[in-house]
Amino acid sequence: MNSPLFQSTFMRRVNAVILIGVASWFLLIPGVILTWDLTDPALRQPTGIPRSAWRMHQRLTPRYGQWARDRIASGRAAHVGLYDVPATEWAMFGSVFYLAATENLQRDWERHPGRASSTAPAIYARRTIEAATDLVLDPTHHTWVKNHWGPGYLHRENVFFRAMLIQAMMSRENLVHDGRDLVQLRDQVETLAAALDASPHGLLNDYPDECYPIDVFAAVAMIRRADSLLGTDHRAFVERQRRAFQGSLVDSDGLPGYFANPLTGILEDPSRGIGNSYVCLYCPELYPDWATNWYSRYKEAFWQHKLGAIGFREYARQIPNKEWFYDVDAGPVMAGFGPAANAYGVAAARANGRFDDAWTLSSQVLAATWPLASGTWFGARILSSAAHAPYLGEANLLFLFTTMPAPGTPITTGGHMPPFVYWFLLFYLGLGLAVILSGIRALRKAASLPVPPWCSFQFKLWAGLLIAGVIALALQRLGAGCILVLAAQFLPRTLWSSHA
């Protein structure tokens, strides 16, 4: 053990094994999983929910439930920045997405019992359904909107937040069927509908001086959905709400704007990809006579083929200087493509029966998810907030991939995988195999390489870095753990020798 040759050989062999393991876990296995997922016919036609979504839900459910319970118990939501979107909105939004995805999966399971899961989602996910709903209804998680709107926050504008409450309570009731939240649900539905109806242009703010018509659109959809649970009838209200999405409140492409003045009914920001995908997701159920037209207009103004990728831009082509930027809603916009717009675009295309576009978008979104053998979509995890909403991306994508068209929706199939997908496959499989072969060669050559100078010191430093990295990873300090393990890979060093 104290022999310099032994220490040098041991370090190199352990590093080679780590290299092979990391390449297998993060590259080769994801490539195999992606290849399998891309063969699923449910991505190309409305035969059911894709198996990747079923697998993700089954793996995510226990993690999400534990995280939600821990988050509530910690009380952290009471001490976050008022304008820190990941810390305020994302924990609730992710929980709403999880519940909606579970509801979609339960509906699919009832149509095809046992096909994708031997146990119904409403049963195996019951504890997580409760935990996610509890988080959405938790008063501590309402702190930021209380600070915005005061003690009357549940009945004063606050559209985005109140729509989340409605959706979460509806999803839980549709899954559990115990009537627990019906009184509160009715209160939110009726008071929000009345406030929108009484507003000058059918619009209310999310936050003071922040009005997003797309959030109003989703809120109207939630109010209409609630009728089936409450025995109410908001059809007349829904018809009057058309005023909020036409005339001066649509842009030059005929699409609902992203930002508006609720008092004047004047659009202050044109439509955006994330907003268009969001409203096109709900339009077929809310205003079916508009749905095809809106989707066609959206695709005409925002669809592009660029740099081997195909999909929706975040801003329409005629708007300059919108090729590369980042914002908290769109994500990192690259070459005009909006990551959020294209993720939501999967659901918008599926809801509108456009499985040609859904297949093109889904193949790229799945490629970017970076699926690990543990059931994690690593790419989605990276874009989430590790501190406040680590599972937002995965819960979001779950909801989007579980969206199905309404019965009777005309279906268009076709589409293809863009070069973007093949590049990812080359990255996963090609680079993975190359690194693994390099690791195997390093294993074979380890004993024949020269012993480095100060080998004992290097061995101790290497062991310390590796042990610290493993401990950090075990404590879920992923960034620190990865850096420490990576640093250990640079030892032993022979370049320190004066004869190098």
Next item on the list: Please state which of the following conditions L249 fails to meet, knowing it meets all the rest: (1) over 18 Å from Q167 (Cβ atoms); (2) touching a residue at least 24 places away in the same chain (Cβ under 8 Å); (3) surrounded by fewer than 20 Cβ atoms within 10 Å (Cβ to Cβ).
Entry: (3)
Item checked: Criterion violated by G414 - all others in (1) assigned to a helix (DSSP H, G or I); (2) loosely packed, with under 13 Cβ neighbours inside 10 Å; (3) within 42 Å of the chain's Cα centre (by Cα) satisfied -> (1)
Margin query: Out of the helices (runs of 4 or more DSSP H) lying entirely within the range 142-221, which hold 3 or more residues that are buried (at least 22 other Cβ atoms within 10 Å of the Cβ)?
Written below: 159-176, 182-198
Check: Are there any pairs, at least 6 apart or on different chains, whose C-beta atoms fall under 6 Å, with the first in the range 218-240 and in contact (Cβ under 8 Å) with a residue 60 or more places away in the chain and more than 24 Å from N205 (Cα to Cα) and the second basic (K, R) and buried (at least 17 other Cβ atoms within 10 Å of the Cβ), and if so, which?
Finding: none
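Residues checked against (1) outside the structural domain of N396 (by TED's automatic domain parsing); (2) surrounded by fewer than 16 Cβ atoms within 10 Å (Cβ to Cβ); (3) assigned to a loop (DSSP other than H, G, I, E, B):
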| position | (1), (2), (3) |
| --- | --- |
| E239 | no, yes, no |
| G254 | no, no, yes |
| Y282 | no, no, no |
| E285 | no, yes, no |
| N293 | no, yes, no |
| A316 | yes, no, yes |
| N321 | yes, yes, yes |
Next item on the list: Check the range 68-82 and report whether any residue there is modelled with pLDDT under 95 and either polar (S, T, N, Q) or closer than 30 Å to T35 by Cβ (or both).
Entry: no
Notebook entry, point to check: How about the range 1-114: which helices (runs of 4 or more DSSP H) wholly inside it have at least 2 residues that are charged (D, E, K, R), in contact (Cβ under 8 Å) with a residue 12 or more places away in the chain and more than 30 Å from L281 (Cβ to Cβ)?
Noted result: 4-23
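Looking at the range 204-216, which of its residues are out of contact with any Phe, Trp or Tyr (no Cβ under 9 Å at 6 or more places or on another chain) and either hydrophobic (A, V, I, L, M, F, W, C) or not assigned by TED's automatic domain parsing to the domain that holds R242 (or both)?
Kept after step one, since they are out of contact with any Phe, Trp or Tyr (no Cβ under 9 Å at 6 or more places or on another chain), are these residues of the range 204-216: 204, 209.
Answer for the range 204-216, where residues must be out of contact with any Phe, Trp or Tyr (no Cβ under 9 Å at 6 or more places or on another chain) and either hydrophobic (A, V, I, L, M, F, W, C) or not assigned by TED's automatic domain parsing to the domain that holds R242 (or both): just L204.
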Item checked: From the options A291, A260, residue that is more than 14 Å from A348 (Cα to Cα) and of a type in the set (A, V, I, L, M) -> A260
Next item on the list: Restricting attention to helices (runs of 4 or more DSSP H) lying wholly within the range 344-409, give those where 3 or more residues are closer than 20 Å to W303 by Cα.
Entry: 355-369
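Residues checked against (1) over 17 Å from the mean Cα position of the chain (by Cα); (2) over 29 Å from A330 (Cβ atoms):
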site: F26; (1), (2): yes, no
site: G31; (1), (2): yes, no
site: T47; (1), (2): yes, yes
site: A53; (1), (2): no, no
site: R59; (1), (2): no, no
site: R63; (1), (2): no, no
site: G75; (1), (2): yes, yes
site: T88; (1), (2): no, no
Next item on the list: Name the residue, out of P492, P453, that is of a type outside the set (A, V, I, L, M), part of a loop (DSSP other than H, G, I, E, B), more than 18 Å from F26 (Cα to Cα) and in contact (Cβ under 8 Å) with a residue 60 or more places away in the chain.
Entry: P492
Next item on the list: From the list D197, D138, pick out the single residue that is touching a helix residue (DSSP H, G or I) at 6+ places or on another chain (Cβ under 8 Å), acidic (D, E) and more than 29 Å from R235 (Cα to Cα).
Entry: D138
Note to self: For the range 325-378: of the residues being charged (D, E, K, R) and not assigned by TED's automatic domain parsing to the domain that holds D84, which is surrounded by the fewest Cβ atoms within 10 Å (Cβ to Cβ)?
What the structure shows: D327
Notebook entry, point to check: In the range 379-392, what count of residues is obtained for those that are surrounded by fewer than 23 Cβ atoms within 10 Å (Cβ to Cβ) and either within 30 Å of G408 (Cβ to Cβ) or aliphatic (A, V, I, L, M) (or both)?
Noted result: 4
Check: If a residue has to be touching a helix residue (DSSP H, G or I) at 6+ places or on another chain (Cβ under 6 Å) and closer than 14 Å to W370 by Cα to count, how many in the range 397-424 make the cut?
Finding: 4
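Residues to consider are R107, R127, R172; find the one that is of a type outside the set (S, T, Y) and in contact with a Gly (Cβ under 6 Å, 6 or more places away or on another chain). Lay out the reasoning, then the answer.
On the way: R107 fails: in contact with a Gly (Cβ under 6 Å, 6 or more places away or on another chain); R172 fails: in contact with a Gly (Cβ under 6 Å, 6 or more places away or on another chain).
Sole residue among the options that is of a type outside the set (S, T, Y) and in contact with a Gly (Cβ under 6 Å, 6 or more places away or on another chain): R127.
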Check: Looking at R127, R162, which one is in contact with a helix residue (DSSP H, G or I) (Cβ under 9 Å, 6 or more places away or on another chain), among the basic types (K, R) and under 14 Å from A68 (Cα atoms)?
Finding: R127
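The values are calculated or read from the model by the stated rules, or taken from the named source; none is laboratory data. The model shown is predicted, which means the values in this text are computed figures rather than measured ones. Ideal geometry is used to build each Cβ from the backbone, glycine not excepted, and the neighbour counts take in all protein chains shown.
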